[in-house]
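Working notes, structure below.
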Amino acid sequence: MTELARLPKSIATVCLSGALPDKLEAASAAGFQSVEIFENDLLTFDGTPADVRRACEDLDLGISIFQPFRDFEAMPEPQRTRNLDRAERKFDTMQALGTDLVLVCSNVQPGALDDPARAAADLHDMAERAARRGLRVCYEALAWGRHVKRWRQAWEIIRIADHPALGLCLDSFHTLALGDDLSGLAGTVPPEKVFFLQLADAPRLAMDPLSWSRHHRLFPGQGELDVTRFLQDLLKAGWAGTLSLEVFNDEFRGAPSRRTARDGLRSLLWLEEQVGRVQLPRLPTLGGIEFVEFAVDAAAREELGRFLGGLGFARAGLHRSKDVELWRNGAANLVLNAEPDSAAAERFEQLGPTVCAMALRVDDPERVVARAEALQYPVWRERIGEGERHIPAVRQPDGTLVYLVEDPAQGARPIWEDDFSVSPVEDSPAPLLGVDHAAEAVAPGMMDSFVLFYRTLLGLQAETLWELPDPYGLVRSRAFVAPNGSVRLPLSVSESTRTGTGRFVSALAGAGMHHIAFAVADVATAVDLAAARGAPLLDIPENYYEDLAARLGLEDAELLALQRRHLLYDRDAAGGVFRHAYTRQFRDRIFLEVAERDGGYTGFGAVNAPVRMAAQRRDARPGVDRTSSAE
Ligand SMILES: O=C(O)c1ccc(O)c(O)c1
Ligand SMILES: [Mg+2]
């Protein structure tokens, strides 16, 4: 593929938090060439438009557009004349700002006339006045406009108006929210008449377009609208201009502006890749989770080791040069890192024993690193000893590391052989088959950064959102899954700080992995063995089994076998079955799960999560024995 020139990138100030100077700095630092100045950001700024112009010049930022100009067209007199006067005053502002383009969004006033010819005449007058000053006007259909809701209607008015200083503004949200698209643009609208393009994604919500647009827009790739196809259709029509992000989102308004701006730029790079404009280092083929790493010190390692021993993990190797141990059961590897002056130590100092990293098996680690660099995700390289393997890592949005290791299933030499002296451990009668899934709790406002990270860097696909009642609030959970099913990462987020997820996130001042599920071939045997080793398994109330019997009509014997072991059960529409059991929590930081999948089941037993969360809360009540390990 030949690399076409990258398209210039712009971001609306409304996407970012803070005062106008913060927004401008964040946009510039992320690498945008220009900004859309949102009128409200100018009105609330304590300085003149000329000051804004200078601030932008100092940051090497252009001003792509000034917006919005509302409720202009097709008004009866005397508003019509007043609106033209109002336009002249905005032109003054634009000239002081140093931008030549203004966005007029379609009229939402109940008094607006349903008269395309009048709308065209008004816009023609405005364009004529703009042109006298060397300015231009673009017209955008708001999905909730009084009469003009769709781009075809807006275009029809522009066509009738027929003025060189008047063009169309396309906004992916307004088009896609109405179930519309840009097919039919090519051949209808000359590409040079598309004066401006605004891009936004969104989750699919059953909601009126106005509320949906004002609160829930997202950057491309973070939501569920087909923004890629939208841009493809536009490029096919011969358009080549600036890609500008326009996102109204309640969480973005409160999030650090630099992080948001950087995510915005990443989303556009990804989108350009999607439409074939640029070639980033290819997405990896994933082969599962090779290990999960815990930050510990010597004492925490003792305690965690006892907890892990309950699930049959045993020390299987020592790092050649560092204070790092490999614990293993079957094909599941855990790394306990107590090395001072490491990324793990940094995390331990702040948070105590927690998961600090995971390692993904990929076809080519260095290619993932190159992709991360192209997408501006920070890369981490730990210092290594003589003859040791270098394992590159990328930082997730919460600062934890994702190591990238070559997939032994594709012939690579396992990493353990170079860096560890590995001793064989006794074979378990029910060995773990590996990590089935690993769940992370994410701070409110961080979910969308994770979505972008998993989707753009690793190519994981987002599954349906689950809303799960915890006894003390709601937990939202969404799984990210590799196309080949080898990696499954459910993420949960909770607005309430009283839920299990919320408590974990506030205790850990951010986010992190709090739950690791291991795959087993026979969960009943695995649980019996764990119980015999004294593993702290989580009790499930009898009511659960009553409901299970009623809901799924299980045989008495099967029900009893589940109940006796505190196993949870789920069945999908195609008859796939999931049987799973949980340990109690290790210091409120982590819990483990063993899970058996049969018949092509692809879920996570999400229906059982409320039962699990309630059981964990009972377990954590004061006065209840909370020992985290079996002695
Ligand atoms: O929500 C609005 O009013 C609004 C204003 C300007 C836009 O470009 C837009 O897409 C929406
Ligand atoms: Mg818009």
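Find how much the distance from ARG229 to ARG367 grows on full extension, using 0.36 nm per residue of separation minus their present alpha carbon separation; answer in nm with one decimal.
Net length gain for the segment: 47.0 nm.
Given the C-alpha atoms of the stretch 233-335, compute the convex hull and give its volume per residue in Å³.
Numbers: hull volume 23.6 nm³, N = 103.
In the stretch 233-335, the Cα hull volume divided by residue count equals 229 Å³.
Name all residues of the stretch 316-350 having a backbone nitrogen under 19 Å from the label point set 7 Å from the Cα of VAL422 along its Cα→Cβ direction, giving them as ranges.
Residues 316-337 fall inside that zone.
Normalised by the number of residues in the stretch 237-396, what is the relative contact order in percent for Cα pairs under 8 Å and 6+ residues apart?
For the stretch 237-396, the relative contact order is 24 percent.
Pairs of alpha-carbon atoms within less than 8 angstrom and 6+ residues apart define the contacts here; what relative contact order does the chain have, in percent?
Computed over the chain, the figure is 10 percent.
Among 588-599, 370-381, what's the highest-first ranking by average C-beta atoms within 10 angstrom per residue?
In decreasing order of mean packing, 588-599, 370-381 become 588-599, 370-381.
Which value, in debye to the nearest 20, describes the size of the charge dipole of the stretch 128-193 about its Cα centre when Lys and Arg Cβ atoms bear +1, Asp and Glu Cβ atoms bear -1, and nothing else is charged?
About 300 debye.
Write down the radius of gyration of the stretch 366-465 and its Dmax, each obtained from C-alpha positions, in Å.
Every Cα atom of the stretch 366-465 included, Rg and Dmax give 16.5, 46 Å.
So in the chain, which Cys have no other cysteine's beta-carbon sitting under 4.7 angstrom from theirs?
Flagged as lacking a Cys partner: CYS15, CYS56, CYS105, CYS356.
Okay, which of the stretch 78-100 sit inside 14 Å, backbone N to the point 7 Å along the Cα-Cβ direction of ARG132?
84-92
Going by C-beta contacts inside 10 Å, put VAL362, VAL292, VAL493 in order with the fewest on the left.
In increasing order of surrounding Cβ atoms, one gets VAL292, VAL493, VAL362.
If we count other beta carbons within 10 Å of each Cβ, what is the order of HIS216, HIS390, HIS174, fewest first?
HIS390, HIS216, HIS174
Can you give the Rg/Rh ratio of the chain, where Rg is from the C-alpha atoms and Rh is the Kirkwood radius?
Expressed as Rg/Rh, it is 1.05.
Mean projection of the alpha-carbon convex hull of the stretch 1-137 over all orientations, in nm²?
Average projection, Cα convex hull of the stretch 1-137: 10.7 nm².
Say each of ALA561 and ASP58 gets a label point 7 Å from the Cα, pointing the same way as Cα to Cβ; how far apart are those two points in nm?
Calculated label separation equals 7.3 nm.
Using Stokes-Einstein with the Kirkwood hydrodynamic radius over Cα pairs, what translational diffusion coefficient do you get for the stretch 9-274 at 20 °C and a viscosity of 1.002 mPa s, in µm²/s rounded to a whole number?
Details: Rh = 18.5 Å.
So the translational diffusion coefficient is about 116 µm²/s.
At 0.36 nm per residue, and after removing the present C-alpha to C-alpha distance, how many nm does the segment from ASP51 to SER496 gain when stretched out fully?
156.0 nm
Step through the table entries LYS23/LYS236; LYS90/LYS193; LYS9/LYS149, compare each Cα-Cα distance with 24 Å, and write down the pairs that go over it.
LYS23/LYS236; LYS9/LYS149
For the stretch 434-620, report the % of Cα-Cα distances exceeding 30 Å.
17
Which FRET efficiency value, to the nearest 0.05, do you get for LEU84 and ASP181 by plugging their Cβ-Cβ distance into 1/(1 + (r/R0)^6) with R0 = 51 Å?
My answer for the efficiency is 0.90.
Pull out a ≥ b ≥ c, the square roots of the eigenvalues of the alpha-carbon gyration tensor of the stretch 58-214, then state rounded if a/c is under 1.5, prolate if not and a/b is larger than b/c, and oblate in the remaining case.
It comes out rounded by the Cα gyration axes.
Given a cut-off of 23 Å, what percent of all Cα-Cα pairs of the stretch 286-422 lie beyond it?
So the pairs more than 23 Å apart make up 31 percent of the total in the stretch 286-422.
What distance in nm separates the simple spin-label points at ASP115 and ARG617, each placed 7 Å from Cα in the Cβ direction?
Result for the modelled spin labels: 6.1 nm.
Considering only DSSP beta bridges whose two residues both sit in the chain, what percent are antiparallel, to the nearest 5?
60
Determine the dipole magnitude for the chain: charges of +1 sit on the beta-carbon of Lys and Arg, -1 on that of Asp and Glu, nothing else is charged, the reference point is the Cα centre, and the result goes in debye to the nearest 20.
Computed charge dipole of the chain: roughly 860 debye.
Which one, VAL523, SER106, ALA345, projects farthest toward the positive side of the charge dipole computed for the chain from Cβ point charges (K/R +1, D/E -1)?
It is SER106.
With each label point set 7 Å from Cα along the Cα-Cβ vector, what nm distance links GLN410 and ALA19?
The modelled label-to-label distance comes out at 5.1 nm.
Quick one: the Cα spread of the stretch 131-192 along its three principal axes, in angstroms, biggest first?
The Cα atoms of the stretch 131-192 stretch 38, 27, 18 Å along the principal axes, largest first.
In deg cm²/dmol and to the nearest 500, what is the mean residue ellipticity at 222 nm of the chain if only DSSP H runs of at least 4 residues count, each as -39500 (n - 2.57), divided by the residue total?
That comes out to -10000 deg cm²/dmol.
Read-outs: derived from the displayed coordinates by stated rules, not from any lab. Not measured: the values here are computed from a predicted model. Note: ideal-geometry Cβ built from the backbone for every residue, glycine included; neighbour counts use all protein chains shown.
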